[in-house]
Amino acid sequence: MTKPLWGIDLGGTKIEGVILKSKEDPQVLTRLRIPTEKEQGYQHIINQIGTLIELMKKESGLQPTAIGMGTPGALDPLTQTMKNSNTTCINDMHFKRDLEARLELPFELANDANCFAVAEANMGIVQDVMPNARMVFGVIMGTGVGGGLVIDGKVWNGRQGIGGEWGHSFLDDSGGKCYCDNVGCVEMVIAGPSLERFYHSISGNNLNMKEIMAHYQANTDPHASAIIERMLHFFGKAMANLINILDPDVIVLGGGVGNIDLLYTEGIERIKQFVFNPRLDTVILKPKLGDSAGVFGAAFLVAD
């Protein structure tokens, strides 16, 4: 028997909720958003989630049996407390337990990268191109670098809740020290701000990635050319490392840096240089769902 899927995406400025008709027919029945107002604290966030659920019930005439939620940060499987969230008031808190007690509903939590990956795997670009894919890795390359792993349509969180945290594996010492206290993380080399900092270090100018790309395409700025070459080289290495370990069927590239078309042409050629195989058979795709992936993926967390 099919059932509606309820999902909530908890962001720093807004909380968005969606009800999808079913796993097999994921059309949107209801979609609403309200402000997070995180400056008012932990209990207020929980109350706002409760308010949103009530609004969704009223608009749809439906009652949830379970709710999936995309969160900033992750739930630690051992301590059952939140960690690594930039909404800092939920860190070290029993967020899942407190939600369930307050709202009298079961919740399934996953971070934003996992929600991106599970959405694109179940109702996004993967369904269009390779619907029988068993392992899908969703990459986030933007202000940070992250990832989410989906196996047979389900998020793989891992024993420590860090499954898919590709952005904090080692890539190159030149990236410098990361906020995680390690040196040379993928995030410190190929995230947008990291590339912009490196451009400043060699040129003395402050440009964003869009401007750097424009200079590169105009072929008038040797520093821009150096930064794009750096991005391609280390993108190839980092992706090859990921493929060598997991060998996924599909990788979907999300985030602002992931929008750079060059990654799907020259970037793929660089992966071929480093992957431990005579060919690159991994299918690498642009995402389909855009900003909707987070809340859609949250809903799929409670799909049977």
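Rounded to the nearest 20 debye, what is the charge dipole size of the stretch 132-287 about its Cα centre when +1 sits on each Lys and Arg Cβ and -1 on each Asp and Glu Cβ?
Around 220 debye, computed over the stretch 132-287.
Among Lys23/Lys96; Lys96/Lys177; Lys14/Lys210; Lys14/Lys58, which pairs are too far apart, with a Cα-Cα distance over 28 Å? Can you show the working numbers first?
On the way: Lys23/Lys96 23 Å; Lys96/Lys177 32 Å; Lys14/Lys210 26 Å; Lys14/Lys58 20 Å.
Beyond 28 Å: Lys96/Lys177.
Given springs between every Cα pair under 10 Å in a Gaussian network model of the chain, which of Glu104, Glu196, Glu165 has the largest fluctuation?
Result: Glu104 has the largest fluctuation of those listed.
If we count chymotrypsin sites (Phe, Trp or Tyr not before Pro) as exposed when they sit in a DSSP loop and have at most 11 other beta carbons within 10 Å, what is the longest stretch of the chain that avoids them all?
Segment 1-178 is the longest.
Count charges around Val183 for me, please; just the other residues with Cβ under 13 Å from its Cβ, Lys/Arg as +1, Asp/Glu as -1.
Here the count lands on -3.
Could you work out the local net charge near Thr81, counting Lys and Arg as +1, Asp and Glu as -1, over the other residues with Cβ closer than 15 Å to its Cβ?
-1
Take the alpha carbon atoms of the stretch 146-207, find their center, do the same for the stretch 239-288, and report the distance between the two centers in whole angstrom.
16 Å
Calculated FRET efficiency, Arg134 and Glu266, Cβ-Cβ r, R0 25 Å, to nearest 0.05?
Efficiency for this residue pair is about 0.30.
In the Gaussian network model of the chain, springs joining C-alpha atoms below 10 Å, which of Val129, Val18, Val183 carries the largest mean-square fluctuation?
Checking each option, the largest mean-square fluctuation is seen for Val129.
Rounded, prolate or oblate: which fits the stretch 1-84, taking a ≥ b ≥ c as square roots of the Cα gyration tensor eigenvalues, rounded meaning a/c under 1.5, else prolate when a/b beats b/c?
oblate
Please state the charge dipole magnitude for the chain, taken about the Cα centre, from unit charges on C-beta atoms (+1 on K and R, -1 on D and E), reported in debye and rounded to the nearest 20.
Details: 26 positive and 35 negative charges, 58 e Å.
For this selection, approximately 280 debye.
Given axes a ≥ b ≥ c from the Cα gyration tensor, I'd like to know whether the chain is rounded (a/c under 1.5), prolate (a/b larger than b/c) or oblate.
Prolate shape, in that a/c is at least 1.5 and a/b is the bigger ratio.
Report the one residue of His200, Leu20, Ile227 whose Cα lies farthest in the direction of the positive end of the charge dipole of the chain (charges on C-beta: Lys and Arg +1, Asp and Glu -1; origin at the Cα centre).
Checking the options against the dipole of the chain, the answer is Leu20.
Using a cut-off of 13 Å between beta-carbons, work out the net charge of the residues near Thr143 (Lys and Arg +1, Asp and Glu -1, Thr143 not included).
Here the count lands on -2.
Ordered by residue, what ³J(HN,Hα) values in Hz, to whole numbers, does the stretch 234-243 give under the Karplus form 6.51 cos²θ - 1.76 cosθ + 1.60, where θ = phi - 60° and Gly and Pro are x?
7, 4, x, 5, 5, 5, 5, 4, 4, 5
Of the candidates Met93, Met123, Met239, which one comes out as most mobile in a Gaussian network treatment of the chain with C-alpha springs shorter than 10 Å?
Evaluated over the chain, the most mobile residue of the options is Met93.
Can you find, among Pro287, Gly258, Ala191, the residue farthest towards the positive end of the dipole of the stretch 132-287? Put +1 on the C-beta of Lys and Arg, -1 on that of Asp and Glu.
Going by the Cα projections, it comes out as Pro287.
Taking Lys3 as the anchor, which aspartates and glutamates have their alpha carbon closer than 12 Å to its alpha carbon, excluding any fewer than eight residues away along the same chain?
Candidates past the 8-residue exclusion: Glu24, Asp25, Asp304.
Please state the shape class of the stretch 132-287: rounded when a/c is under 1.5, otherwise prolate if a/b exceeds b/c and oblate if not, all from the C-alpha gyration tensor.
Verdict is prolate for the stretch 132-287.
Bear in mind that the values in this text are calculations on the coordinates, not laboratory data. None of the values given here were measured: they were computed from a predicted structure. Counting neighbours? That spans all protein chains shown, and the Cβs are built from the backbone with ideal geometry, glycine included.
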